[in-house]
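**Student:** My questions all concern the structure below.
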């Protein structure tokens with residue numbers, strides 16, 4: 001992911017600026033501490049992204065890749081996961097039945113998601129050129 005840490009660094013810097021203004025304005029240690037914790041966590045996430053991939057600090061488009069990429073057009077499982085998590089959230093507030101129903105739908109959706117990912121990997125492997133069929137360089 002190219003440039004993924006840059007927005008996080010900007011966000012954390014904005015939090016530090018707001019923390020300084022809040023510290024000057026109110027002087028409340030709880031508010032300043034919550035700003036400091038938020039900024040520290042966002043900086044830590046940005047540092048983890050940079051440690052994971054050095055491209056996270058570079059701007060611009062990524063280098064071209066000749067590897068075929070299988071991209072799905074639609075995913076029923078992703079919609080089901082989102083709806084089931086929302087159902088579980090409503091169940092925490094309204095009724096226990098919704099928690100169990102959402103958990104069941106979530107289990108089915110995760111199973112369907114595994115099937116979709118396996119099909120995507122199979123499609124990507126089918127798109128790869130076969131090494132035996134390539135002509136030798138001249």
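**Student:** Looking at segment 1-12, which of its residues are in a helix (DSSP H, G or I) and exposed (fewer than 14 other Cβ atoms within 10 Å of the Cβ)?
**Tutor:** Of everything in segment 1-12, those that are in a helix (DSSP H, G or I) and exposed (fewer than 14 other Cβ atoms within 10 Å of the Cβ) turn out to be 7, 10.
**Student:** State all residues of segment 48-72 that are free of Cβ contacts under 8 Å to residues at least 12 places away in the same chain and either assigned by TED's automatic domain parsing to the domain that holds residue 19 or not in a loop (DSSP other than H, G, I, E, B) (or both); if no residue qualifies, say none.
**Tutor:** Once the filter is applied, which keeps residues that are free of Cβ contacts under 8 Å to residues at least 12 places away in the same chain and either assigned by TED's automatic domain parsing to the domain that holds residue 19 or not in a loop (DSSP other than H, G, I, E, B) (or both), segment 48-72 yields 48, 51, 52, 54.
**Student:** Identify all residues within segment 21-32 that are exposed (fewer than 12 other Cβ atoms within 10 Å of the Cβ) and either modelled with pLDDT of 90 or more or not in a helix (DSSP H, G or I) (or both); write none if there are none.
**Tutor:** Result: 21, 24, 25, 26, 27, 28, 30.
The values are calculated or read from the model by the stated rules, or taken from the named source; none is laboratory data. On a predicted model such as this, the values are computed, not experimentally measured, just so you know. FYI the Cβ positions are ideal-geometry reconstructions off the backbone, even for glycines, and counts take in every protein chain you see.
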